[in-house]
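A.B. asks: Take this structure first; my questions come after.
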Ligand code: GLC
């Protein structure tokens with residue numbers, strides 16, 4: 001059997017509001033993405049993932065979907081989407097969409113119907129319960145956003161509905177067979193239009209405890225760590241839909257779980273998700289022991305059950321967390337991090353803008369728009385050094401502080417830029433089976449240095465990263481094929497602070 005495409009792919013996440021502005025209204029759109037397809041393909045990534053572009057009142061900027069089968073006018077039209085799919089395919093890129101199955105918008109026709117009366121045919125498509133004896137919410141679950149219960153009382157029908165996120169994001173009841181079928185249809189709608197797969201939003205939440213029991217920890221916020229057996233049955237149903245298409249569509253799930261083996265368990269025995277995000281890397285701090293432990297844990301979990309063919313992901317940034325350039329605090333570290341990400345035995349997910357070394361934008365209080373406090377990592381991408389940076393004004397969020405210096409056009413022809421580094425690393429990964437699919441073995445060269453090999457037959461590379469504050473000498477030899485500060489030189493055994501090298505031996 002040939003290797004599935006998603007095992008050897010690097011996926012580029014686009015947050016559409018912030019990527020490129022095709023119509024000059026200060027908000028990114030599909031027309032903007034279409035214009036940038038050659039740029040994306042030129043990076044050397046294999047696929048893109050678009051954060052939600054569906055019809056939405058935008059209380060959570062698209063993660064509140066009012067129609068799973070249409071495009072929000074802010075982004076464009078279904079025709080634009082078809083054009084984008086064709087442009088991606090013409091450039092050898094696959095395109096995946098963000099599917100938000102746990103909740104819809106409160107403006108989705110299903111919820112409007114459901115809340116209209118207790119007798120609505122769609123009443124049980126959402127989770128409705130009577131008030132507790134004291135008139136309060138049915139259990140102690142707290143919403144992820146805002147300091148509020150995960151329940152909102154609906155005056156019209158005298159019951160509470162469940163929302164693990166905003167009140168504008170009512171949870172769908174995946175235990176109802178019609179919900180499951182309707183959501184499968186939304187997948188088919190996009191698969192029929194040539195979409196290559198999906199990123200499934202907070203997928204581990206869909207099979208929440210059917211008894212809705214109080215959480216033992218009281219009113220904390222542990223709700224995202226739901227890990228119910230029922231979800232696995234639901235995932236097998238979803239997988240059947242995907243497998244019924246000949247073009248090998250892939251689903252990667254957002255699984256916010258952190259115990260050993262938990263993320264990998266959502267791959268089933270190759271019959272659930274194809275891939276699952278492993279966020280342990282995002283939460284590793286910049287030091288050798290954290291990174292060594294994280295790499296080891298992610299690799300260990302994927303090798304646990306070789307029969308299942310489980311394959312890991314690697315993520316350092318996305319639209320929900322401060323960018324890694326911001327978290328690690330320097331360009332030197334961000335350059336080393338690029339080398340770490342693109343030399344893992346995993347499917348790396350890159351977040352648009354990391355190839356420019358973007359930090360977060362400072363957001364003054366009057367510019368805050370996100371209920372989850374995530375505006376900083378969603379700043380618009382600066383394409384050009386001039387004042388507008390390629391955008392209509394005003395933009396929906398401010399640019400990063402150094403936008404003029406970090407702009408793509410400033411980095412384009414500079415061999416030493418972050419953009420050039422990413423392009424070379426992606427080309428190296430494409431040219432090396434060791435990097436794409438070879439084995440990965442950590443080895444010991446001193447406390448502050450994390451080192452590993454990637455091997456496939458004769459193709460063998462060694463990667464070493466110095467997380468320490470001082471230079472170190474390491475017992476390694478070879479040719480530096482790529483590095484965060486030097487390339488194409490024989491290795492002299494010295495690693496500066498925050499330096500990473502890729503050696504061919
Ligand atoms: C996921 C998304 C996040 C969104 C939330 C609710 O965590 O990544 O952006 O707010 O789900 O849909």
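Read-outs throughout are calculated quantities, based only on the coordinates presented, and are distinct from any laboratory measurement. What you are looking at is a predicted structure, and each value in this text was computed from that prediction instead of being measured. Positions of Cβ are generated from backbone atoms using ideal geometry, with glycine treated the same way; all protein chains shown enter the neighbour counts.
A.B. asks: What whole number of Å gives the distance from the Cα centroid of segment 461-505 to the Cα centroid of segment 138-187?
C.D. replies: Measuring centre to centre over Cα atoms gives 51 Å.
A.B. asks: Considering only C-alpha atoms, what is the centroid distance from segment 429-453 to segment 312-368, in Å?
C.D. replies: Comparing the Cα centres of segment 429-453 and segment 312-368, I get a distance of 21 Å.
A.B. asks: With a point put 7 Å past each Cα toward its Cβ, work out how far residue 367 is from residue 129 in nm, to one decimal.
C.D. replies: 4.1 nm
A.B. asks: For a Förster distance of 41 Å, can you work out the FRET efficiency between the beta-carbons of residue 112 and residue 243, rounded to the nearest 0.05?
C.D. replies: For residue 112 and residue 243, the calculated efficiency is 0.80.
A.B. asks: Helix 288-303 sits at what angle to the longest principal axis of the chain, using alpha carbons and giving 0 to 90 degrees rounded to 10?
C.D. replies: Helix 288-303 and the main axis of the chain meet at about 70 degrees.
A.B. asks: Here is a further query. Could you check what % of the DSSP bridge pairs in segment 1-104 are antiparallel, to the nearest 5?
C.D. replies: Percent antiparallel among DSSP bridges in segment 1-104 is about 20.
A.B. asks: Report, in deg cm²/dmol and to the nearest 500, the calculated mean residue ellipticity at 222 nm for the chain, where each DSSP H run with n ≥ 4 adds -39500 (n - 2.57) and the sum is divided by the residue count.
C.D. replies: One gets -7500 deg cm²/dmol as the mean residue ellipticity at 222 nm.
A.B. asks: Please work out how much length the chain gains when fully extended from residue 331 to residue 148, using 0.36 nm per residue of separation minus the C-alpha to C-alpha distance, in nm with one decimal.
C.D. replies: Difference between extended and current length: 62.0 nm.
A.B. asks: Between Rg and the Kirkwood Rh of segment 109-162, both from Cα atoms, what is the Rg to Rh ratio?
C.D. replies: Ratio of gyration radius to Kirkwood radius: 0.98.
A.B. asks: Please report the spacing between the Cα centers of segment 8-45 and segment 240-307 in Å, no decimals.
C.D. replies: Between the Cα centres of segment 8-45 and segment 240-307 lies a distance of 26 Å.
A.B. asks: Any idea what the relative contact order of the chain is, in percent, if you count C-alpha pairs under 8 Å spaced at least 6 apart?
C.D. replies: 12 percent
A.B. asks: Sorting check: for 406-413, 117-124, which peptide has the highest mean count of neighbouring beta carbons within 10 Å, and how do the rest follow? Walk me through the numbers on the way to the answer.
C.D. replies: Values: 406-413: 17.2, 117-124: 13.9.
Going by the mean number of other Cβ atoms within 10 Å, highest first, we get 406-413, 117-124.
A.B. asks: On to the next question. Taking every DSSP beta bridge with both residues inside the chain, roughly what % is antiparallel (nearest 5)?
C.D. replies: Around 60 percent antiparallel, to the nearest 5.
A.B. asks: Follow-up. Just the C-alpha atoms of segment 439-504: what Rg/Rh do they give, with Rh taken as the Kirkwood radius?
C.D. replies: So for segment 439-504, dividing Rg by the Kirkwood Rh gives 0.94.
A.B. asks: Right, next: Sorted by average packing, counted as other Cβ atoms within 10 angstrom per residue and highest first, what order do 359-371, 176-188, 157-169 take? Don't jump to the answer; show the numbers that get you there.
C.D. replies: Details: 359-371: 14.3, 176-188: 16.0, 157-169: 21.3.
For the peptides 359-371, 176-188, 157-169, the packing ranking is 157-169, 176-188, 359-371.
A.B. asks: A further question follows. Could you calculate the contour length gain from residue 209 to residue 8, that is, 0.36 nm times the residue separation minus the distance between their Cα atoms, to one decimal place in nm?
C.D. replies: Here the segment from residue 209 to residue 8 would lengthen by 68.8 nm.
A.B. asks: So, one more: Kindly express, to the nearest 10 degrees and within the range 0 to 90, the angle between helix 331-341's C-alpha long axis and the longest C-alpha principal axis of the chain.
C.D. replies: Once rounded, the angle reads 80 degrees.
A.B. asks: How big is the convex hull of the Cα atoms of the chain, per residue, in Å³?
C.D. replies: With only Cα atoms used, the chain gives 150 Å³ per residue.
A.B. asks: Compute the acute angle (0 to 90°) between the alpha-carbon long axis of helix 177-192 and the principal axis of greatest extent of the alpha-carbon atoms of the chain; round to the nearest 10°.
C.D. replies: 40 degrees
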